[in-house]
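Please read the structure below before turning to the comments.
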Amino acid sequence: MAKTRVLMVSANPANTGRLMLDEEVRSIEKSLQASDHGDSIELIAKWAARPQDLLEHLNRFRPHVVHFSGHGSEADEIILTNEAGNAQPVGKAAMAALFKALKDDISVVVLNACFSRSQADAITEYVDCAIGMSQAIGDGAAITFAGSFYSALGFGRTVGEAFEQGVLALMLEGIPEENTPRLLCRSGVDANKLQLLPMGTRDMRVTAALPPADKPRTALVVEDDGSIQALLAALLQREGFNVLRAGTNKQAADLLASSKVDLVLLDMELPDGDGLDFAREIRRTQELAIIFLTQRSGSADKIAGFEVGGDDYITKPFDPEELLARIASVMRRTVGQRVK
């Protein structure tokens, strides 16, 4: 079966700051190897790219994804390498012209370089989607975003979903650069419907593993960190849940009293009390699934969580794919027992 080809070109000229490009490649390779369908994605890495190399590589490999890793400038340039090994800026007009002439099978271009958003915008005149950076981006953020983006693609996610997971990874790792990556699309293209894996290898969504229900299930997210709360809500909504959100035990109790809830994602450390006590109260009156999602990682905390009636216990930072798989597992176990 044909593979999805990702051409990764990188450049770190001698007269520019040192970048951890090898770590970025390693992160992408590791992420693909750990994914369900990583073997359906071929990563082709080319180093010290010169302008002429771009033409040669695009002609030779006919990639579906082109990933550039290196420096960018505030003058809307990406920085390649010249014959002397020093910086060779390439402007956005030249990059747009390149993809106009050699777009072939290319669906996505990732410019993992500082100040590359305008380049990405110009490129989307000719390719479906492009990712660029709205400002300077650090090595750690670039590596984390790329690893999570390709991991999601390897699990069969769409380009839009993979982008969201790349941004989510930055937030979960506490890297304050989640607003730097930008996803741009050609007119009429929906990134959330754009699949890159060959037909027949695409992963089933986690919702396919959930037991059937007569109506959409409702999840209550009890989390006082607004950014994590929003991200959890987005993940659950994408998997078919109606989502209620609370930042305190009192808000959560009020929602439980007025709504039919099937699943609670519960932080242990809330402004008005301990999540363990709240879980205990839930178990006295409600039969629903409870998953603790907390920074507390000690064995005593985990045991306490299960003793008060928790169905699962996940520590932060968490992997979105693992979280969704655990939710599916808990919901399967509780059907006919707690979930009515």
Expected vector for the stretch 236-247, Karplus 3J(HN,Hα) from phi with 6.51, -1.76, 1.60 and θ = phi - 60°, integer Hz, x for Gly and Pro, equals 5, 5, 5, 8, x, 7, 7, 10, 10, 10, 9, x
Note on the stretch 263-340: C-alpha Rg/Rh, Kirkwood Rh, two decimals, gives 0.95
To the nearest 20 debye, the stretch 78-192 has a Cα-centred charge dipole, built from +1 on Lys and Arg Cβ and -1 on Asp and Glu Cβ, of 260
Regression test value, accessible area per residue of the stretch 1-53, probe 1.4 Å, units Å², expected 54
Quick calc, the stretch 2-138, dipole around Cα centre from Cβ unit charges on Lys, Arg (+) and Asp, Glu (-), nearest 20 debye, gives 140
Given Cβ charges of +1 for Lys and Arg and -1 for Asp and Glu, the option among ILE327, TYR313, SER297 whose Cα lies farthest towards the positive end of the dipole of the stretch 240-340 is ILE327
For the chain, the percent of accessible surface on carbon and sulfur atoms (probe 1.4 angstrom, ligands and nucleic acids excluded) is 48
For 139-152, 13-26, ranked highest to lowest by mean beta-carbon neighbours within 10 Å, the order is 139-152, 13-26
note: the stretch 208-327, Cα-Cα separations exceeding 19 Å make up a percent value of 41
Rg from C-alpha atoms of the stretch 130-194, normalised by the globular rule of thumb 2.2 N^0.38 Å, equals 1.07
Per DSSP, the loop-located trypsin sites (Lys or Arg not before Pro) within the stretch 235-288 having at most 15 other beta carbons within 10 Å are LYS260
Rounded to whole Å², per residue accessible area for the stretch 228-298 with a 1.4 Å probe reads 42
Counting only DSSP beta bridges fully inside the stretch 53-195, the antiparallel percentage to nearest 5 is 60
For HIS37, the accessible surface traced by a 1.4 Å probe with all protein chains present amounts, in square angstrom to the nearest 10, to 40
Ranking CYS185, THR144, LEU98 by how far each Cα lies towards the positive end of the charge dipole of the stretch 94-186 (+1 on Lys and Arg Cβ, -1 on Asp and Glu Cβ), the top one is LEU98
Expressed as a whole-number percentage, the relative contact order of the stretch 1-137 with C-alpha contacts under 8 angstrom and at least six residues apart is 25
Normalised per residue, the volume inside the convex hull of the alpha-carbon atoms of the stretch 1-85 in Å³ amounts to 99
Relative to the compact-globule estimate 2.2 N^0.38 Å (N residues), the Cα gyration radius of the chain stands at a ratio of 1.12
At 10 °C and 1.306 mPa s, the Stokes-Einstein diffusion coefficient in µm²/s for the stretch 74-120, with hydrodynamic radius from the Kirkwood sum on alpha carbon pairs, is 137
Computed curve, the stretch 22-67, Cα-only Debye sum without solvent term, log₁₀ I(q)/I(0) at 0.17, 0.18 Å⁻¹, is -0.57, -0.63
Residues meeting the amide H criterion for ALA45 (H placed from the backbone, H to H distance under 5 Å, 5 or more places apart or on another chain) are MET8
Helix-only [θ] at 222 nm, the chain, -39500 (n - 2.57) per DSSP H run of 4+, per residue, nearest 500, equals -12000 deg cm²/dmol
Rounded to one decimal in Å, the inverse mean reciprocal Cα-Cα distance for the stretch 1-157, i.e. its Kirkwood radius, is 15.4
Nearest 10, in degrees from 0 to 90: the angle of helix 159-172 to the longest Cα principal axis of the chain is 70
Ordering 178-187, 161-170 by per-residue average of other C-beta atoms within 10 angstrom, highest first, gives 161-170, 178-187
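The values are calculated or read from the model by the stated rules, or taken from the named source; none is laboratory data. Keep in mind that this is a model prediction, so the values were computed, not measured. Counting neighbours? That spans all protein chains shown, and the Cβs are built from the backbone with ideal geometry, glycine included. The protein model used for the area step is the full one, side chains on, heavy atoms only, and it has no ligands, DNA or RNA in it. Shrake-Rupley method; radii C 1.70, N 1.55, O 1.52, S 1.80 Å.
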